Every structure is written in structure tokens, then in C-alpha cells.
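The values are calculated or read from the model by the stated rules, or taken from the named source; none is laboratory data. Keep in mind that what you see is a predicted model, and the values were worked out from it rather than measured. So basically every Cβ, Gly included, is an ideal-geometry build from the backbone, and we count neighbours across all protein chains shown. All accessible areas refer to the heavy atoms of the entire protein, side chains included, with ligands and DNA or RNA removed. Shrake-Rupley method; radii C 1.70, N 1.55, O 1.52, S 1.80 Å.
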Amino acid sequence: MPSASSTFLDSKTALEYLKTYDHSDGLSLEELMDSRVHGGLTYNDFLLLPGEIHFPASDVIIESRVTRNVVLKTPFMSSPMDTVTEGEMAITLALLGGLGVIHHNQTPASQAAMVRAVKRHENGFISDPVVLSPSHTVADVLDIKARLGFCGIPITDTGMVGGKLVGIVTSRDIQFREPSTSLSDVMVTDLVTAPQGITLSEANDILRDSKKGKLPIVDSKGHLITLLARSDLLKNRSYPYASKNPETKQLYAAASVGTRLADRGRLALLVEAGLDIVVIDSSQGNSIYQVDMIQYIKGKYPKLEVIAGNVVTREQAASLIAAGADALRVGMGSGSICITQEVMAVGRPQATAIYAVSEFSNKFGVPVIADGGISNVGHIVKALTLGASAVMMGGLLAGTEEAPGGYFYHEGKRVKVYRGMGSLEAMEQGKPGAQIQPKTNGMQSASDKYPSPKTDNTLENAATSRYFSEDSAVKVAQGVSGDVQDKGSVKAFVPYLFVGLQHSFQDIGVMNISQLREGVSTGKVRFELRTASAQVEGGVHNLNSYTKRLFA
């Protein structure tokens with residue numbers, strides 16, 4: 001038997017010998033995504049190869065730029081679907097570092113109310129506080145509490161910002177009082193205030209030490225200028241990653257609109273309510289209608305961030321980038337309830353679409369949002385690796401407590417309705433008797449929190465306009481309606497996604513998205529194609545039964 005020394009290389013030279021190979025193990029991204037060789041790929045068709053771990057997972061930062069001018073602490077967005085995102089989802093995701101896009105399959109007034117609720121949920125200096133006068137009554141305060149959810153209200157002599165501050169009313173002041181009682185009889189006049197020009201940090205210190213709920217900011221003559229709320233201090237501590245406008249310190253609010261002329265009036269209401277980001281919601285974004293809408297928005301609302309789409313090719317992307325889009329949604333037919341590829345024979349496998357569009361759009365500083373096909377943490381990692389700056393999730397967030405609609409039981413499982421915006425059910429929304437889902441056990445849609453004016457009895461159907469550019473006698477469904485199992489609260493689910501991303505980045509050997517992009521571009525981050533049998537091997541197999549628990 002030959003000796004080890006004459007057969008094997010010296011183990012101490014392993015790293016040096018590795019350099020003698022003419023290429024690294026696996027494939028580069030360009031090699032992997034060559035559609036002329038491999039065809040179009042989806043997320044499950046490939047894996048990333050592991051890198052070197054030299055840092056703890058907790059050091060990973062997943063902050064990302066999701067539009068030209070908006071940076072989020074987490075790259076998570078919710079889809080503008082009427083069974084996914086309304087006010088509650090948008091607020092919760094923003095507090096957790098993401099962004100919820102409020103759907104427009106509802107009246108403009110109702111959608112604007114949801115945007116307003118997001119903007120008022122958390123503030124720095126509140127530049128437009130609700131103000132009353134001493135002649136208002138307890139009934140007025142109760143009405144504000146019912147509509148807006150708070151009742152700590154400054155009182156000025158004019159009932160307006162800029163009037164002389166004379167008192168403040170809180171929930172304790174109106175308890176056990178008749179609705180007709182004048183606020184002059186119940187308001188607190190011994191006030192703690194701060195002078196105009198004070199910094200937010202200094203004001204927070206005064207508010208903390210005063211143990212008051214509100215801190216009015218006044219000028220040298222005692223006129224009310226702005227307001228600060230103690231509840232926001234608590235939120236800042238509880239939600240350190242919250243997605244906030246750096247100037248106003250309010251949560252970012254995003255909402256969708258269509259491309260018809262009526263959507264311009266809708267958009268005006270949304271902007272008035274404080275909208276930061278508008279998503280132009282079209283199934284096929286490369287159209288003259290969307291180009292016109294982008295140009296209109298950029299001309300009338302230059303500070304509004306515009307997310308355009310959907311697109312799956314660089315030719316589609318070029319038209320929208322040239323029109324002024326600040327980000328692009330990528331995906332056509334890849335959603336779990338979307339049947340566009342099946343019915344229309346149009347679309348593209350999602351992984352290939354993200355790679356092709358992001359390779360082009362990132363040259364112009366226009367981020368890409370991967371929209372559709374996300375069903376687990378691994379898919380999020382792959383989307384970011386392919387060039388996306390964020391992922392938009394529908395089915396993954398549907399069924400959570402914050403999603404619209406009530407729970408009901410189907411075959412012994414607690415579920416919520418989830419439907420595609422191209423489904424016939426979504427297109428019929430607004431017709432007499434149409435509902436997002438049966439109202440079961442007294443639970444109703446989250447839309448009920450943001451009622452439209454009673455005089456507005458018609459509901460523009462955004463689902464129909466999203467898929468049809470003219471009045472069609474027959475509507476062809478491009479989505480389906482079903483149900484999804486109860487997933488619990490987004491407040492537990494999103495942190496699971498966050499931690500999962502950190503561990504995935506650690507396995508790859510990168511500490512942030514910038515390092516990931518650099519590793520991909522230099523060929524350091526490597527990939528491997530997966531055969532059908534390899535995909536089976538990578539999942540749970542050869543068990544009689546099992547329980548799949550994703551987080552605790």
C-alpha cells in the first residue's frame with residue numbers, strides 16, 4: 001500500500017491549490033441566466049452556493065433603496081390587492097420597516113382615509129394637528145376619536161393652528177361628561193409647552209420628563225405652531241426600523257391608482273391625504289396610458305415617488321424609465337392566484353424577468369421590485385440576488401390578522417379569502433351584494449374602518465380597469481379566488497422573514513445587499529441549477545408524516 005505522502009498533496013497547500021482551477025465552483029449569474037441555454041427560470045430552478053462565514057447573522061443589514069429616493073430598513077412590500085392591503089396592513093408593515101401599498105378597488109374617499117390613517121399613526125412634529133376651539137363640545141372630541149382614533153386635542157382661541165393656545169383636551173377630560181358640554185369647561189389650561197425652533201430631540205426630552213401626553217410647540221406670542229405626541233416616543237422605542245419620511249418623521253404611505261382619467265381625481269385626494277409613493281397598477285405596464293400617467297404625475301406632483309409596471313422585459317422597462325418612473329414592478333403571471341400565463345399565453349418566468357429587467361434598469365438608478373411568486377424566505381433571497389431591491393408579497397401575507405376580511409372555517413381550517421385582482425370576483429366588487437368575503441362570526445372587512453361618504457353609492461372597479469382598457473362585453477379572468485390558512489399576525493411573521501434573510505446572507509457570506517450585488521457582479525457569489533429530482537431532494541421527503549414549523 002503506497003504511503004500517504006506519495007499519494008496526496010500536503011493539506012497545508014489546499015488554499016493555494018484551489019487557485020489553480022480556471023474558474024470558481026458553480027456558475028456565475030450570467031452563466032446561470034443565459035435563457036438561450038437554460039430557458040426561462042423560476043426561483044425553484046436554482047440555488048446559491050454557500051460562501052465563507054466570518055460574522056454573526058445579527059450583523060447583517062438588509063436596508064434597501066426601493067425607489068430613487070426612498071430607503072427602507074427591510075425590503076418587504078405588500079401587494080395592492082383588496083384581500084391583502086388596507087390601512088391596518090399598511091401601518092403594520094411600515095412600523096416593521098416595510099411598505100404596504102393600499103389597493104384602489106374601493107372609492108377614492110375610502111382609499112384616501114386609509115392613507116390619512118397611515119400618516120397620522122406616527123409623527124415627529126405634527127404640522128397639521130387637529131385643533132378645536134373652547135366653544136366646541138365633548139361631542140366634537142368623541143367624533144374625532146371615532147374617525148381618527150385619538151382625542152388629545154389642543155384648543156386655540158380660533159380653533160385653528162396659528163391661534164393662541166388656551167388649553168388641551170384629553171380622553172380623561174371628557175370621561176363621564178355629557179356630549180353637549182363645552183370644551184371651555186373641561187379643558188386643561190395648566191400646560192407644558194416648548195418654544196418654536198426647538199429640535200425634535202430636545203422636544204422629546206421635555207415630553208418624556210413632563211409625563212404629559214402631548215407637547216404643544218408655540219411661538220413667542222403663544223400661538224400654536226406644531227404638536228408632539230408621547231405615543232410616538234413609545235412607538236419609536238417599539239419599532240426602531242419603522243419606515244418614515246426623514247423630513248416629516250411620519251410613516252411612509254403608498255397607494256395604487258389606475259391609468260384612466262378618473263384616477264387623476266383619485267390621486268389628488270390621495271396626495272391631499274399625505275401620499276408619499278404611488279403605484280400605477282397595470283397588469284401590462286408598457287402602454288401609452290401608463291406613460292401618459294407617469295408624465296402627468298411627474299408634472300403635477302414632482303415630489304411624489306412613482307412605481308410603474310408591471311414589466312418583464314427590458315424593452316418594457318425602457319419606456320417607463322424614459323417617462324420618469326422611480327421604480328419598476330416586475331412580474332407577469334407569477335403570482336399564486338394569477339393565471340395570465342395560462343389564459344393569455346403572455347408573461348415570463350419570474351427569475352429570468354427580474355434578472356433581465358434589473359440588469360437594465362439598475363444602470364439608470366431605477367430599483368426593481370419583484371412582484372409575485374414569493375412563497376418563502378429563500379425566494380426573497382433569490383429575488384434580491386437577481387437584482388431586485390425589494391419583494392412585493394400577496395399570498396405570503398394574505399390570511400394574516402392585518403389582511404382585510406374576517407376569518408371563517410373551511411374543512412376544519414381557519415382561513416381568509418384570497419383572490420387575484422384579475423379574478424371575476426374582484427371585477428364584480430362594488431356590484432349590489434358583492435363582498436370581499438362572507439361576514440363570518442361578526443367579523444367584517446377592514447374597509448369598514450374607513451367608511452366612504454354615505455352619498456357615494458358607486459364603487460369604481462379597479463380590478464376591471466386594471467385588465468381591460470375598454471368596455472368589454474365579456475370579462476376574461478386572469479386570476480382566481482380561493483382561501484388561505486390563518487398565518488397569525490404580521491407582527492410575528494415579518495420578523496421571521498427578517499431573521500431568515502439575515503441567516504441566508506450569512507450562509508452566502510455577505511453582510512448587506514451592497515456586498516451581495518458586488519459579489520454577484522464579480523462572480524464571487526455562485527449559483528447552481530437544480531433538476532426536478534434535486535428540487536425534491538431539497539425539500540422534505542421520505543417521511544410518513546411531519547409537521548413543518550417555520551418560526552416560534
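Only sites in a loop by DSSP and with at most 11 other Cβ atoms within 10 Å count here; which GluC sites (Glu not before Pro) in the range 247-324 make the cut?
E247
Across the range 27-44, in residue order, what do the Karplus-derived ³J(HN,Hα) couplings come to in whole Hz, using 6.51 cos²θ - 1.76 cosθ + 1.60 with θ = phi - 60° and x for Gly and Pro?
3J(HN,Hα) across the range 27-44, in whole Hz: 10, 6, 4, 4, 5, 5, 8, 6, 5, 6, 9, 9, x, x, 10, 10, 4, 6.
Calculate, in nm to one decimal, what I288 and L261 gain on full extension: separation in residues at 0.36 nm each, minus their alpha carbon distance.
Extra length from I288 to L261 when fully extended: 8.4 nm.
Positive end of the dipole of the range 135-272, charges at C-beta (+1 Lys, Arg; -1 Asp, Glu), about the Cα centre: which of V218, A254, V161 has its Cα farthest in that direction?
The listed residue farthest towards the positive side: A254.
Sort R526, R208 by heavy-atom solvent-accessible area, probe 1.4 angstrom, most to least.
R208, R526
With the cut-off at 1.5 for a/c, could you classify the range 499-540 from its C-alpha gyration tensor as rounded, prolate or oblate?
oblate
At a Förster distance of 51 Å, what's the computed FRET efficiency of T313 paired with S11, Cβ-Cβ distance as r, to 0.05? List each step's numbers first, then the result.
Values: r = 50 Å, r/R0 = 0.98.
Between T313 and S11 the formula returns 0.55.
Check each of the GluC sites (Glu not before Pro) in the range 6-73 and keep only those in coil by DSSP with at most 12 other C-beta atoms within 10 angstrom; list them in order.
Sites meeting the loop and neighbour criteria: E52.
For K491 and T20 in one chain, what is 0.36 nm times their gap in residues minus the Cα-Cα distance, to one decimal in nm?
Difference between extended and current length: 164.6 nm.
Through the Karplus equation 6.51 cos²θ - 1.76 cosθ + 1.60, θ set to phi - 60°, convert the phi angles of the range 184-193 into ³J(HN,Hα) values in whole Hz; use x for Gly and Pro.
Result, ordered by residue: 5, 8, 10, 5, 8, 10, 8, 10, 9, 10 Hz.
Which chymotrypsin sites (Phe, Trp or Tyr not before Pro) in the range 1-83 sit in a loop by DSSP (not H, G, I, E or B) and have at most 13 other Cβ atoms within 10 Å of their own Cβ?
F8, Y21
Could you give the nm distance between label points at R36 and A139, where each point is 7 Å from its Cα heading toward the beta carbon?
Inter-label distance under the simple model: 7.7 nm.
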